[in-house]
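Before any comments, here is the structure.
The values are calculated or read from the model by the stated rules, or taken from the named source; none is laboratory data. Values in this document were obtained by computation on a predicted structure and should not be read as measured data. Here Cβ is always computed from backbone atoms with ideal geometry, including for glycine, and neighbour counts include all displayed protein chains.
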Amino acid sequence: MEPVVHLRSAVALLGRFPALAGASLAVGSGEIVLVRGPNGAGKTTLLRVCAGLLPVAQGEATVLGVDLRADRRAVRTRVGLLGHGNGLYDDLTVWENLRFWGRAVGADEAEMHTALDLMDVAERLRHVPVHRLSTGQKRRAAVAVLAARRPELWLLDEPHAGLDADGRDRLDALLGRAAGAGATVLFASHELDRAEQVAHRTVVLAGGRVVEALAPLEVPPC
Amino acid sequence: MLRSAALVAGKDLRVELRSRVTTNQVLPFALLVLLLFAFALDPDRGTLRSATAGLLWVAVLLSLVLGVQRSAGLEAADGARDALRLSGLDPAGVFLGKAGALAAQLLVLEAVLGIGVVVLYDADPRASGVALFVVTCLVTTVGLAATGTLYGALAAGLESRDTLLPLLLLPVVAPVLIGATRATEAALGTGGAATSEGWPWVGLLGVFALAYTALGLVAHGSLMEEA
């Protein structure tokens with residue numbers, strides 16, 4: 001079976017700097033894979049490459065059967081990316097944000113409500129402008145927007161950051177449910193205790209390359 | 001494309017309705033510019049009146065810079081641009097939507113400034129020039145909104161975008177300033193110009209608007225990628 005994410009010696013440049021310097025990785029359908037590594041290892045770049053946001057300069061890169069070197073835009077509507085930013089408009093309410101992004105990808109309103117329920121975004125907060133929310137509430141809303149897209153590949157960069165214990169539990173449950181339904185999850189995190197609980201396996205990045213692919217219990221301390 | 005445009009325009013206008021940046025900040029700024037011109041030229045009322053058309057459009061152009069910075073800034077904040085690129089919305093539709101929302105805000109601004117020049121500058125619009133003035137405003141606004149949206153996206157990829165945007169945008173819209181000023185002078189009858197003398201300038205403004213709208217439809221996708 002063809003892997004959902006397949007990179008072989010992939011190089012991605014940030015300016016002239018090779019932020020991904022020959023990374024090789026294969027992730028199968030339904031897998032939850034933790035990407036870890038020190039700052040500057042290339043974790044964010046790897047996620048952005050897989051989302052089709054950054055071009056691959058050399059090597060092979062296929063995501064969801066799409067050759068990213070040939071047409072990286074073709075994969076974008078099939079993936080969901082939660083980056084360091086939340087992708088929310090501060091002056092719109094949570095519901096207005098969700099409705100805008102949901103309509104953009106063709107999600108119906110029932111899916112949007114379900115996504116908010118799954119992240120337990122309180123009814124009273126759904127009609128409050130995002131700039132009035134706490135960091136954690138914004139993150140919950142951003143995860144709900146992502147969930148409403150029903151992506152085939154979830155790409156998350158430090159997804160637990162800013163979330164309280166309940167929010168983290170809900171996110172982990174959401175990722176588990178998505179993987180159970182056949183979606184693939186690739187996420188970067190420094191919060192290893194939490195991340196290893198949800199991940200099926202771990203890959204370690206250093207200097208823009210995958211240096212180890214380990215099961216969670218084998219991961220050495222960074 | 002039109003669906004994407006409607007979604008984005010609706011979103012940008014809703015953001016404006018909530019934040020009221022145009023009504024509470026850009027509009028007062030534009031009126032202040034008109035007022036400062038009045039202070040500077042008041043000793044010679046004739047000069048102020050004869051320069052009304054030019055001063056009106058200079059105030060619009062300066063306000064345009066603020067409007068474009070705001071419009072482009074919405075997508076620069078909190079990862080919204082990445083989300084937009086992943087949304088599958090047609091880049092040409094995104095351009096049309098953002099330009100449409102900006103145009104709507106500019107039209108409101110021009111209506112208020114039009115009243116402003118009548119009150120502050122004693123501008124005396126003649127009945128025969130009303131249609132010319134309205135069409136001039138509409139066509140000019142399309143050109144300015146298209147150019148502003150295009151250059152807003154272009155500047156979004158630059159590190160010093162807030163300071164570079166006026167340097168990039170204002171020279172490009174200089175022909176619009178000239179055309180809109182001449183057409184407005186004809187509408188107002190400033191300097192004895194006949195109303196009919198304004199329509200060729202409207203034609204020029206129309207060509208500019210069409211050219212930059214077409215360029216924006218083609219180029220906006222690439223600019224979103226580079227930002």
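Below, the figures for the structure above:
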| read-out | value |
| --- | --- |
| Lone qualifier among A:115, A:199, A:188, A:181 - being surrounded by 20 or more Cβ atoms within 10 Å (Cβ to Cβ) and under 30 Å from residue B:3 (Cβ atoms) | A:115 |
| Boolean, residue A:104 is within 14 Å of chain B (Cβ to nearest Cβ) and either part of a loop (DSSP other than H, G, I, E, B) or crowded, with 17+ Cβ neighbours inside 10 Å (or both) | yes |
| The stretch A:85-101, subset outside any helix (DSSP H, G or I) and within 7 Å of chain B (Cβ to nearest Cβ), residue surrounded by the most Cβ atoms within 10 Å (Cβ to Cβ) | A:88 |
| Residue selected from the stretch A:110-146 under the condition within 14 Å of chain B (Cβ to nearest Cβ) and touching a Phe, Trp or Tyr at 6+ places or on another chain (Cβ under 8 Å), by the criterion modelled with the lowest pLDDT | A:127 |
| Filter pass, residue A:149 being within 20 Å of the chain's Cα centre (by Cα), within 28 Å of residue A:42 (Cβ to Cβ), modelled with pLDDT under 90 and within 13 Å of another protein chain (Cβ to nearest Cβ) | yes |
| Filter result (hydroxyl-bearing (Ser, Thr, Tyr), surrounded by fewer than 17 Cβ atoms within 10 Å (Cβ to Cβ) and outside any strand (DSSP E or B)) within the stretch A:1-56 | A:29 |
| Helices (runs of 4 or more DSSP H) enclosed by the stretch B:1-75 - at least 1 residues per element that are away from every other protein chain (no Cβ under 14 Å) | B:27-41, B:45-50 |
| In the stretch B:11-36, residue surrounded by the fewest Cβ atoms within 10 Å (Cβ to Cβ) [restricted to those that are more than 22 Å from residue B:58 (Cα to Cα) and touching a residue at least 12 places away in the same chain (Cβ under 8 Å)] | B:13 |
| Any hit, the stretch B:184-207, residues being in contact (Cβ under 8 Å) with a residue 12 or more places away in the chain, in a helix (DSSP H, G or I) and closer than 14 Å to residue B:151 by Cα | no |
